[in-house]
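The values are calculated or read from the model by the stated rules, or taken from the named source; none is laboratory data. The shown structure was predicted, so the numbers you read here are calculated from the model rather than taken from an experiment. Cβ placement follows ideal geometry from the backbone for every residue including glycine, while neighbour counts extend to all protein chains displayed. All accessible areas refer to the heavy atoms of the entire protein, side chains included, with ligands and DNA or RNA removed. Shrake-Rupley method; radii C 1.70, N 1.55, O 1.52, S 1.80 Å.
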Amino acid sequence: MDKFVIKGGAALQGEIPVGGSKNSALPALAAALLTEEPVTLRRVPAVRDIRTMQRLLVDIGSKVDVDGETVRLETPAIVCPEAPYELVKTMRASSLALGPLLARCGRARVSLPGGCAIGARPINLHIFGLEQLGARINQTHGYIEAVAPEGLRGAVVHFDRITVTGTEDLMMAAVLAKGETLLRNAAREPEVADLAQLLVKMGARIEGAGTSTIKVEGVERLHGAEHTIIADRIEAGTFLIAGAITGGDVTVTGCVPEHVGALVSKLQQTGVGVTQPDATSLRVRGGGRLRSVDMTTEEYPGFATDLQAQYMALMTQAEGIAIIEETIFENRFMHAQELARMGANIRLDGKQAIVAGPRELTGAGVIASDLRASASLVLGALVARGETVIDRVYHIDRGYEKIEAKLARVGAKIQRVE
Ligand code: EPU
């Protein structure tokens with residue numbers, strides 16, 4: 001198992017390019033199941049979750065060709081409409097196959113995800129929505145078995161709570177359903193809008209993606225398309241915080257500034273200078289005193305839960321008390337104990353983490369528990385005195401492409417060791 005060895009103290013200087021969004025590419029790959037024609041996706045990040053999704057699609061019946069950041073998929077027929085436990089347990093986004101499989105061939109068998117390091121993460125809302133569209137669903141032996149022998153039909157689906165992949169799954173199911181589907185209380189994340197763009201290029205009729213009401217008019221069939229995935233806003237945000245926490249001067253390039261608006265606003269409140277040199281770059285300049293600022297995670301366009309752990313690392317270096325409230329997942333504070341091992345003063349109280357700073361962090365052996373938690377440990381290590389060894393970095397490889405190389409290029413002392 002790989003580890004990162006990080007020597008803290010270097011102020012990062014320079015440009016860091018961001019890659020395509022993992023959470024946009026995952027549903028886009030699943031969308032290729034909706035047509036027998038080729039779908040070509042560009043700017044697909046080479047991260048582990050993407051490889052897992054590609055494996056799943058190959059098992060289902062897709063031909064997948066990867067050429068750098070370009071992935072070409074072709075699914076002449078659905079051979080096995082199933083997402084097995086072995087894959088779903090390593091990547092919950094496998095449930096994104098449910099909607100497209102039901103739409104394309106009228107049946108799907110997908111393992112229930114079970115527990116997860118950041119919370120329960122059930123898929124009841126996906127199931128509820130698909131039932132509204134006429135699917136019959138049984139749960140047996142840890143699997144969901146869904147059938148729609150006469151095809152899906154449009155319906156109104158009002159989500160009890162906002163779900164990102166649930167919205168994506170339902171949108172993919174509805175594009176080939178008979179008649180009109182209205183998704184209410186839909187997720188407004190940029191990844192949902194990006195998926196809708198791809199589906200429209202494939203011939204789907206969708207309005208309102210990116211707002212909380214999405215209207216889908218079902219069509220008979222979809223065709224092939226080419227699409228470039230949007231920039232990864234969480235990767236961009238992580239690097240902005242890296243610049244801020246090290247008191248450096250970092251320009252994150254190839255991003256969509258609007259997509260990290262909530263983070264930029266927080267950074268500015270903490271006293272970090274953030275400017276936008278051009279339409280696709282953000283420059284962060286740290287070095288001054290950091291002020292503690294409270295933060296609550298919210299659905300987009302609020303502060304992303306996927307940046308909460310990284311923001312907590314930043315708050316360990318800020319003056320005062322910051323109350324960080326996690327409202328999306330119930331167990332997403334695993335990084336707090338590890339940051340505390342490095343010297344942070346963090347108290348957990350239910351949904352809240354109370355961070356008192358600034359505290360000098362010192363290098364220690366720590367364990368990555370999930371993708372974003374690992375990123376926060378890397379950030380903590382970048383300012384810690386001495387050497388930090390982060391174990392189980394396979395978690396970070398799920399969603400960050402060569403993070404160590406990108407950080408090293410701007411001056412971080414970070415090494416991957418086996
Ligand atoms: N929820 C339910 N029932 C459902 C679905 C969700 O109760 O059927 C709950 C979840 O347990 C959670 C909340 O609703 O408490 C929101 O979950 P959501 O469904 O929105 O999360 P997701 O779609 O499984 C995506 C991202 C996550 C990101 C969340 C929230 C992908 C592949 N994953 O997950 O990304 O944290 O939205 O923004 O898009 C990550 O990249 O590190 C990551 C975890």
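Apart from one condition, Leu170 fits all of (1) buried (at least 24 other Cβ atoms within 10 Å of the Cβ); (2) away from the ligand (no atom under 12 Å from the Cβ); the exception is (2).
The rows are residues; the columns are (1) within 21 Å of the chain's Cα centre (by Cα); (2) open to solvent by 30 Å² or more (accessible area, probe 1.4 Å); (3) in the same structural domain as Lys7 (by TED's automatic domain parsing).
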position	(1), (2), (3)
Asn331	yes, yes, yes
Ala344	no, no, yes
Gly350	no, yes, yes
Val355	no, no, yes
Thr362	no, yes, yes
Asp370	yes, no, yes
Glu404	yes, yes, yes
Arg409	no, yes, yes
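For Ile16, state whether it is among the β-branched types (Val, Ile, Thr) and out of contact with any Phe, Trp or Tyr (no Cβ under 7 Å at 6 or more places or on another chain). So Ile16 does not fit the description; no. The single residue among Ala77, Ala97, Ala103, Ala93 that is in a helix (DSSP H, G or I) and more than 16 Å from the ligand (Cβ to nearest atom) turns out to be Ala103. Going by the structure shown, is Val192 closer than 28 Å to Thr305 by Cα, within 11 Å of the ligand (Cβ to nearest atom) and modelled with pLDDT of 95 or more? Yes, satisfied. Selection of segment 33-72 for residues being under 16 Å from Met91 (Cα atoms) and open to solvent by 60 Å² or more (accessible area, probe 1.4 Å) yields Arg48, Arg51, Arg55, Val58, Asp59. Number of residues in segment 5-32 that are open to solvent by 10 Å² or more (accessible area, probe 1.4 Å) and part of a helix (DSSP H, G or I) equals 2.
Which of the residues that make up segment 111-136 are more than 9 Å from the ligand (Cβ to nearest atom) and touching a Ser or Thr at 6+ places or on another chain (Cβ under 6 Å)?
Correct list: Ala117 only.
Of the residues in segment 137-153, none is over 24 Å from Asp59 (Cβ atoms), within 16 Å of the ligand (Cβ to nearest atom) and open to solvent by less than 20 Å² (accessible area, probe 1.4 Å).
Within segment 384-405, residues that are in a strand (DSSP E or B) sit with their Cβ atoms under 9 Å from residues that are within 16 Å of the ligand (Cβ to nearest atom), at 6+ positions apart or across chains, in these pairs: Thr388/Leu377; Thr388/Val378; Ile390/Ala368; Ile390/Ser374; Ile390/Leu377; Ile390/Val378; Ile390/Ile396; Asp391/Ala368.
Residue under question is Ser376, and the condition is that it be within 14 Å of the ligand (Cβ to nearest atom) and either in a helix (DSSP H, G or I) or open to solvent by 30 Å² or more (accessible area, probe 1.4 Å) (or both); does it hold? The answer is yes for Ser376.
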